[in-house]
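The values are calculated or read from the model by the stated rules, or taken from the named source; none is laboratory data. All values derive from a computational prediction rather than experimental measurement. Using ideal geometry, Cβ is built from the backbone for each residue, glycine included, and neighbour counts are taken over all protein chains shown. These accessible areas exclude ligands, DNA and RNA; they are computed on the full protein's heavy atoms, side chains included. Shrake-Rupley method; radii C 1.70, N 1.55, O 1.52, S 1.80 Å.
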Amino acid sequence: LMKKEKDERQKAKDEILAGLRKFGEECKGPYFFFDEFSIVDISLSPWFVGGRLQVLEHYRDFTVPKTPDYAKFHDWKEAVGNRRSFN
């Protein structure tokens, strides 16, 4: 999303959102692997729970829609964000 041209930024947004939809399809429970907090959750959480997503929201008007397509992503984000290690 660092691209200067609006159409290039939109393409990047679309690619991120497509990846998050796929992530949601593969997510098996509150965490990526059912109830087990794993390396997948640890690796992705700084990007989506730790504040980097908020930077994109602020500077690039990028949000993950609150629609059924992204419901599992939002559930995962909430579950990871509610872990004591993120509070």
Exercise. How far is it, in nm, from the label point at residue 5 to the one at residue 35 when both lie 7 Å from their Cα along the line to the Cβ?
Worked result: 5.1
Exercise. Which value, in Å², gives the accessible area per residue of the chain when a 1.4 Å probe is used on the protein heavy atoms?
Worked result: 71
Problem set entry | Pairs of lysines in the chain (C-alpha under 15 Å apart; 8 or more residues apart or interchain) | 9
For this session: Write out the trypsin sites (Lys or Arg not before Pro) in the stretch 1-68 meeting two conditions: DSSP loop, and at most 16 other Cβ atoms within 10 Å of their Cβ.
Result: 3, 4, 28, 66
For this session: Express the carbon and sulfur contribution to the solvent-accessible surface of the chain as a percent, rounded to the nearest whole number, probe 1.4 angstrom.
Result: 53
For this session: Extending each Cα 7 Å along its Cβ direction at residue 59 and residue 42, get the distance between those two points in nm, one decimal.
Result: 2.8
Problem set entry | Per residue, the convex hull volume that the Cα atoms of the chain enclose (Å³) | 91
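I'd like the GluC sites (Glu not before Pro) in the chain restricted to DSSP loop residues with at most 14 other Cβ atoms within 10 Å, sorted by number.
Answer by residue number: 5.
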Problem set entry | For residue 35, solvent-accessible area (1.4 Å; no DNA, RNA or ligand), Å² | 120
